[in-house]
Each structure stands twice: as C-alpha cells, then as structure tokens.
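The values are calculated or read from the model by the stated rules, or taken from the named source; none is laboratory data. Computed from a predicted model, the values in this text were never measured in an experiment. Cβ sites come from the backbone with ideal geometry, for glycine too, and all protein chains shown count toward neighbours.
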Amino acid sequence: MQRKTKSAGVSRRTFNAGLGAAGIVAGTAPFNIVRAQGAALKVGVLLPRSGYQAGIGQDCQRGVDITAGLLKEMGLPTLQIMNADTETNVDVARARAEKLIADGAQILVGAFDSGQSSAIAQVAEQKGIPYVINIAAAPPITEQGYKFVFRNFHTAPMILGGAFACQKEIFAASGDAPKTAVFMHVNDTFGTAMQKGIGAVMPKFDLPYKIQETISYDPAARDLSVEVAKAKATGAEILMVVSRLNDAILITRELIKQRWSPKSIFSMGPGWYEDQYLKTLGKLGDGPISFVPWYDPNKALSKKLEAALGKAHPGVNLNTNHVYTFEALLVAADAYKRAGSADPKALADAIRKTSIKDNVSTGPGIQFDAKGQNDKLQISAIQNRGGKLPTVAPKTAANEKVEWPMKPYDKRG
C-alpha cells in the first residue's frame, strides 16, 4: 500500500523529468507543456567565426546577440543558441553540423557562405533536421528537392535582377547612363554563381552599358595590383565587383594607388558596405553603391532592430549580416510557436507555411515556395556616405537620393 501511494504521488517535476529523459518534452510533447516549462528551441548556429571570413561571421553573430529581446517583445518562444565555428571551411562546416545535431540541436541556422551552406544542407536533409539559411546565394541549394532546407535570402539571379532594376532607376534619376563596365569577382562558390548569372540575367534588362572584360581572383589574395591594373586598362566607366571584405579594401587601395577613379563602383555582394571597410578607409570609402539584400528602413521592425543593435554595439551600422541572421532566427521561433512542437517534421511543416508580414528585409515579407525559397525578396541599392549607408533605390524603400557620379579619390583631401 505504501508503495502504491508513493507511486500515485509522482510529482509533475518528476513526471516531466522522465519525459525529458525519453526525449519527449523537447521533442513531441504538446506545445502548452513545452512552454509551461519554459523549454527553449535548441538552435545550432553555424558561422565562419575564424578563417578569412571571420569578420563577416562575427558580424552575423551580432545579429544573433540582439535577437532574444526582440523575439520576447513579439511574443515568440525562447531560443537556446548552440554556436559552432565553420572556420571558413566546407568540410569543417559539415562536421560541425553533424556534431550540433548529435548534441541535440533541433534546427540549424547559417552559414553565410554558399559552399559551407550547401554542405550543411546535405547534412540537415540526411538527418531530417530543419535548416534555415541566413545568407547564401548559390541557386543549386534550393534546387535539390530538399524537404528540410529553407532559404530566406536571395539567389544569385535574384540579386542580379534586383541590382539591374535598381541601376536603371539610378540612371534615370541622375540623367546619366554609363556605356562601359569591367567586372571583377571572387572565384569562390558565390562569385562564380554571380558571374554565370550575369550572362543569363543581364540581357533581360536592356542596360545601357556593356561589360568589356571579366576578371576573377582568389578571395584570400593579399595583392590585387595586377587585377586592378588590368581592369583600369579597359578604360571602363563603371567597376562592377563581387567581393568579400578584405579584397574590397585591397581593391580600393589599389584604385587610389593606381590613380583610377571610375564613375562609380557597383558592388553586388558583401565587403564594400561593411563597417570595417568604412572605418578603415574613411572618406576614401565613400561613393560605392552596393546592390544587396538589405532592409527597408521605413519598416517598424527595422527601426527596432536598428535600435537594438545600436544599444548592444554602438557605432555599428545595421547591415545584411544582422538582418538576415535575425530573420532566420525569427523564422525558427515563429515556426516553433505554430508547430507546438520541436519535432523536426512538425517544424519543417510549420516553416513551409510561414507568412511573416512584420519583418525587416526589403520586400513584402517572409514566405517560402515549394522549393523552400523566399522568392518575393527584393534588392536595395545603398551608398557609402560619411560612414552611413542610406538606401537610394528602390523608391519604395529609399530614404536618400543617390549622389552621382562618385567623387574622384584625388579630390577628397
């Protein structure tokens, strides 16, 4: 009798502990039970925190750092962040993704780079764990028929199409259309995808200029004097680039050294708008226009995200790295709330039905097509100006007018 009474008096804490040991509370328990215990969704965040992309990975981490308070304000569940360093290496990214899952991650987020993200996507699909890509533009990632992989970021053709549309808007606003351009790009997965995309997308936009030459280079290169000299020799009015942070700085210094001031620099990727670029070059960093996945400064949540970043990291400009990392975590939290479970299939089904209108990125909101791609995202044109990054196109998201042409380097004092 005593044994029976003891058994019948099992506490709620003991019962739930037993469920937890069996993997039920964190997995398939009803949502009200999970939330009653304050259980957080375990999110494995993979970023290149070391290696030549370390600066960008660390910047993405700032987006992670400011997310918790905003999610709470929005009434969304708590996330338990499990960080991993990909070391800017595809093989390491794959291994770290496997380890995060083995350690209990219920969803993965990352990893900025297309090559690393492709490797993580393969692991996530094989293990049946949802993966929300924060930043990675190579089209094949969402062309594999994956059921657990989702991308709230532009593909290379989307970036190019949006960039060309914004360029035409800028040419019309300035009353000046260049006739020639030279294209320099990194030879990594992203840069190569962009190079291939230009040939397919550019003819559809009837642009006024022609690309006279295409020059590729290693993103880990420490000297780009030969490549810049080759670009200068074309006499092109516009320098188009697909870069990373370090090489963007190298290219700019070579432009100054070789006394070449193009009419404008058009960047379709990271590097040129990053704080380290702006701080390193000062006035010499003004002028370039980046056509990138960005945020709409007129949206209410954008202002809250910008304020949160300013409080946590004074002097740091809100950028792509913060915005899309935040939105990837927003997708995870929103799906967890609607799924009522951390079960991988339930989470994946919830992500597939995502419809977030109160967001930050330029465009109508966050939703995914049958391939797991948010195909409604739009590109913004931002211009380096006195250490700030005003949006100059499209008109629907602009908060400043474009300054055209770029002021020559030798006239900046």
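If you check Ala229, Ala193 for being over 21 Å from Pro270 (Cβ atoms), of a type in the set (A, V, I, L, M, F, W, C) and in contact (Cβ under 8 Å) with a residue 12 or more places away in the chain, only one passes: Ala229. As for the stretch 199-214, it holds no residue that is within 18 Å of Trp272 (Cβ to Cβ) and either free of Cβ contacts under 8 Å to residues at least 60 places away in the same chain or crowded, with 23+ Cβ neighbours inside 10 Å (or both). Restricting to the stretch 150-174, count the residues that are of a type outside the set (A, V, I, L, M, F, W, C) and either under 20 Å from Pro140 (Cα atoms) or in the same structural domain as Asn319 (by TED's automatic domain parsing) (or both). The number of residues fulfilling the criteria is 7.
Among the residues of the stretch 139-160, those identified as buried (at least 24 other Cβ atoms within 10 Å of the Cβ) and among the aliphatic types (A, V, I, L, M) are Ile141, Val149, Ala156, Ile159, Leu160. The criterion of at least 3 residues that are over 16 Å from the mean Cα position of the chain (by Cα) is met by the following strands (runs of 3 or more DSSP E) wholly inside the stretch 289-408: 391-393.
Taken over the stretch 238-270, the criterion of being assigned to a loop (DSSP other than H, G, I, E, B) and within 21 Å of Phe190 (Cα to Cα) is satisfied by Ser243, Arg244, Met268, Gly269, Pro270.
Working only within the stretch 200-242, note down all residues that are of a type in the set (Gly, Ala, Ser), out of contact with any Lys or Arg (no Cβ under 8 Å at 6 or more places or on another chain) and either assigned by TED's automatic domain parsing to the domain that holds Pro139 or modelled with pLDDT of 95 or more (or both). Within the stretch 200-242, Ser216, Ala229, Ala231, Ala233, Gly235, Ala236 meet the criteria. The set of residues in the stretch 225-242 that are out of contact with any strand residue (DSSP E or B) (no Cβ under 6 Å at 6 or more places or on another chain) and surrounded by 20 or more Cβ atoms within 10 Å (Cβ to Cβ) contains only Val228.
Taking into account only those residues within the stretch 342-353 that are under 18 Å from Asn134 (Cα atoms) and touching a residue at least 60 places away in the same chain (Cβ under 8 Å), which is surrounded by the most Cβ atoms within 10 Å (Cβ to Cβ)? Ranking the qualifying residues of the stretch 342-353, first place goes to Ile351.
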